[in-house]
Every structure is written in structure tokens, then in C-alpha cells.
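Reading through the C-alpha cells given below for one structure.
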Amino acid sequence: MLTAILGSGFSIIVLLVLIWLFFQFVPVGLWISAISAGVNVGIINLIGMRLRRVVPGKIVLPLIKANKAGLNVNVNQLEAHYLAGGNVDRVIDALIAAHRADIDLSFERACAIDLAGRDVLEAVQMSVNPKVIETPVVSAVAKNGIELRVKARVTVRANIDRLVGGAGEATVIARVGEGIVTTVGSSDAHTDVLESPDHISKTVLEKGLDAGTAFEILSIDIADVDVGRNIGAALLTDQAEADKRIAQAKAEQRRAMAVAKEQEMKAYTQEMKAKVVEAEAQVPAAMAEALRSGNLGVMDYYRMNNINADTKMRKAISGEDDSEQKN
């Protein structure tokens, strides 16, 4: 009797465990929700999702949402996108938003945009409600050398057809900045830009800056224009300073060469004086030798001394006359 009770109790526990495992593996709740929503999803498909490591809720709930919105999608399409690494719920939300806004967006293109790493729902929302992109301050210089700091607001709308492979916001900002620099740089004076800032907008818009991007530029509005430095004057000042330094360097070089030449002449003069002194020191010996050899007579010697005395006297007189003139 006890054995029979224990056996029946064990059988009930096993049955309950099996039922629990069945409900854990088979999403019966999702199947009932799908049936009640009018979505044709078989229990076998749900079991197959479990076997393929697909979360059934990620497929069934977006499918119910799409069916209620009147979209023509099936389980296989959603499951394929999920297995490819896409966000099924995001794609369905984007398709519903596009359908409500009467935007032509197919399921395949929405999946491609999502797999490309872009937010497809945000793209659809931006197509309906354009986005304003504010550029950083762009510094540009007019022809008269005055710097202008310009800030612009770019109103863009997402282009669904160019979302895959199209450039992003950074490219649009860079192109607008380039257009601002070109327009200001071609102006004769900064006052021309200050008088009509809309000239920048018109010129930049005419360049077709949205080509190859994922956006369509609707308008470019100049938010702020500030006058900066006088770049032309600063460049001229820097050039003058550079020329001054070059001139000073050349003058210093010439002075150094002159000092070196003077030192060289002093050295040469000292050398010549030394040679003269050396030659004068040899005169007495030469005269003595001339007297001994008979080449110089006594009268010649006295006559030479008289000439030297006369010369010294003349020098002394001329020196006194010079001093008197100085006084």
C-alpha cells in the first residue's frame, strides 16, 4: 500500500516536472497571444525557434505589432533578420512610422539600414521632423585681412535612399565649414559679409554640399558672426619683425667682420713695427762695418748725423706748431 502511494507520488512529481519543462521550452503563452491577435504562428515554428537559439518573444511580439499596423511581413523574414544580428523590434517600429507618414520604405531596405549600423527609426523620424545641426565656430579671413568667426545652423532631413553608404553629420559639418571659409575668403572686405550674412547661406547652398551624404540640406542659417583679429596687420607686423631681425643679424655680421679686420690690421702694424725696430737695430752694426771696410767716410757719417738732427728738429717744430693750433 505504502509502495503504491510512493510510486504514484513519484509519478505525479515526474509528470509535473515534465509539464514544467514543456512550458519552459514551448512558449505556449506567446502562441496563445499570436492566435488571439490573428497572427498565424504554429507551435512547431515556436519550438523550431528554440532549437535555432532564437528568442521567440523577439519575433512574435514585433510580428503582432506589424500585423496590427497592416504591414505585410512574415515570421521567416523577421527570424532571418534576427539571426543576421539585426534589431527586429526597431525595424518594425521604423516601418510602422514610415507607413503612417506615407514614406516609401520597404522591409528589405529597413533591414539593410539597420544592419549597416544606423538607427532606422531615427532616420524615419528625421525624415518627418528635420534635424538642426549646429556647426562649431568657423574662422575665416576676408581679403582685407580681417578675421571673422562664423557659426551656422544647418537644417537637414534624412534621405532614406542614401542612408546605406551615405556620409554622416561630420561630413556635412565639414563641407559647410569649407563653404563658409571659401565665401568669406572671396569677399573684398569683412564689412561685406557683416552687411549681408545671407550671402554665405546662398553661396554654400548652391554648392550642393549634401551630395553623397545620408541627408538632404534644407537650409543653412548664419547664427552668429563675430569680428576677430586683424590677420593681415599681424602678418605684416611679423614680417617686419622678421626683416628687422635679419637686418640686425647682417649688421652684427658686418661689425664682427670689421672688428676682425681691425684686429688683423693691428697685428699687421705690430708686425711691421717689429720689423722696423729690428732693421733700425741693425743700422749701427752696418755703419760700423761700412766704416771699417772704407765704404763710409767720416765726413759722410757727420753729414748723415746733421741730416738726422735737422729732421728731428723739423719734427719737433712741427709738433709744437700742431699743439699750438690745437690750443
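We did not get these values from a lab; they are worked out from the coordinates using the rules stated. Nothing here was measured: the structure is a model prediction, and the numbers come from that model.
Using C-alpha pairs below 8 Å separated by at least 6 residues, the relative contact order for the chain is 11 percent. Helix 88-100 and the longest principal axis of the C-alpha atoms of the chain enclose an angle of approximately 80°.
Evaluating 6.51 cos²θ - 1.76 cosθ + 1.60 at θ = phi - 60° for every residue in the stretch 112-121, the Karplus couplings come out as 5, 5, 5, 5, 6, x, 9, 7, 5, 5 Hz, glycine and proline recorded as x. For the residues 249, 142, 260, a GNM of the chain with alpha-carbon springs under 10 Å puts the largest fluctuation on 260. Across the alpha-carbon atoms of the stretch 254-303, the computed radius of gyration and Dmax are 19.2, 58 angstrom. Springs between Cα atoms under 10 Å define the GNM used for the chain, and in it the highest mean-square fluctuation of 52, 100, 254 occurs at 254.
When the chain is treated as a GNM with alpha-carbon contacts under 10 Å, the residue of 200, 307, 160 showing the greatest mean-square fluctuation is 307. Close amide-amide hydrogen proximity is noted between residue 210 and 217, each under 5 Å apart and 5 or more residues distant or on a separate chain (H modeled in the peptide plane; Pro and chain starts excluded).
What fraction of the Cα pairs in the stretch 133-179, stated in percent, has a spacing above 14 angstrom?
Numbers: 617 of 1081 pairs.
Summing the P(r) tail past 14 Å for the stretch 133-179 gives 57 percent.
Between the stretch 39-106 and the stretch 174-211, the alpha-carbon centres lie 47 Å apart. Near residue 167, the amide H atoms lying under 5 Å from its own belong to 213, 214; only residues 5 or more places off or on other chains count, and H is placed 1.01 Å from N.
Stokes-Einstein diffusion for the chain at 10 °C, viscosity 1.306 mPa s, with a Kirkwood radius from C-alpha pairs, works out to 51 µm²/s.
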